[in-house]
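Here is the structure we will look at.
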Amino acid sequence: LLPVDFLAIWFGSRYYNAFRLTKICRLPSVLNYLGRIERLLTESKIGLDQSLRRVINLNFLMIVVCHWVGCAWYIVADIGTEVLSYDESWRDADEQDESLSISHTDLGGFSGYLRSVYWAIVGMSTVGYGDIVPTNALETTFSTFIILFGGLVLPAVVGGLAAYMGSMNIATKFHKRKVAKI
């Protein structure tokens, strides 16, 4: 396999972000890493019950998914303007908003990443403040799928947290009943 940097030099640096998408192939190793962390916690005899592990896994998964969606949202702007020749992207509109005074190149481009992850969190939670909006058909299509995906996945995370809290209350009530009998 060739390093992404060499491919970007060969095809041009404007496709660098697209070549970095090949790192998605590492998904099985991320899941393997999560399994190793669970085994480590189990072997170290840290008292984590199954529902707490499930909540930790779901939150870890949501962080990773927010990162991936944020990175994809950032790349969608590049694809729209550079490949599909749209006049404007969400980044252009975001930078032109006078009330925000944002430059996506600040902090070495990290502010653009932060805005992308912010959009992913707001979009997937279906809050949708409207400060970052799609400006072309590609971005609109992408954001539609992400909002739909978020509307289906986020309730699973909230449900997992609610189930954990419910199991904590049951254990506490059971303990109080035992103490009351004594």
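All of the numbers you see were taken from the coordinates with simple rules; none came from a lab. Just so we're clear, the structure is a prediction, and the values are computed from it rather than from any experiment. In this analysis, Cβ positions are derived from the backbone assuming ideal geometry, glycine residues included, and neighbour counts consider all displayed protein chains.
Mind giving me the nanometre distance, one decimal, between the label points for I182 and Q50, set 7 Å out from Cα along Cα→Cβ?
2.7
Just order 153-162, 96-105 by mean Cβ neighbour count inside 10 Å, highest at the front, would you? All intermediate terms of the calculation are to be shown ahead of the outcome.
Working: 153-162: 13.9, 96-105: 11.4.
Peptide ranking by packing, descending: 153-162, 96-105.
Calculate the spin-label point distance for V153 paired with L31, positioning each point 7 Å from the Cα along the beta-carbon direction, and give it in nanometres.
Placing both labels 7 Å beyond Cα along the Cβ direction yields 1.4 nm.
Run the numbers on region 43-138 and let me know its relative contact order in percent, using alpha-carbon pairs under 8 Å that are six or more apart.
Values: 67 pairs, mean separation 30.4, N = 96.
Relative contact order for region 43-138 comes out at 32 percent.
So how much slack lies between S85 and T141, counting 0.36 nm per residue of separation and subtracting their Cα-Cα distance, in nm? All intermediate terms of the calculation are to be shown ahead of the outcome.
Values: separation 56, 0.36 × 56 = 20.16 nm, distance 1.62 nm.
Gain on extension, S85 to T141, equals 18.5 nm.
Determine the shape class of region 74-116: with a ≥ b ≥ c the square roots of the Cα gyration tensor eigenvalues, call it rounded for a/c under 1.5, and otherwise prolate if a/b is greater than b/c, oblate otherwise. Please report the intermediate quantities before stating the final value.
Values: a/c = 2.70, a/b = 1.43, b/c = 1.89.
It comes out oblate by the Cα gyration axes.
Can you tell me the length gained on complete extension of the stretch T126 to E38, counting 0.36 nm per residue apart and subtracting the Cα distance?
On the way: separation 88, 0.36 × 88 = 31.68 nm, distance 3.07 nm.
Gain in length upon complete extension: 28.6 nm.
Cβ neighbours within 10 Å, averaged per peptide: list 30-43, 111-124 in order, most packed at the top. List each step's numbers first, then the result.
Numbers: 30-43: 11.7, 111-124: 20.1.
Going from most to least packed, we get 111-124, 30-43.
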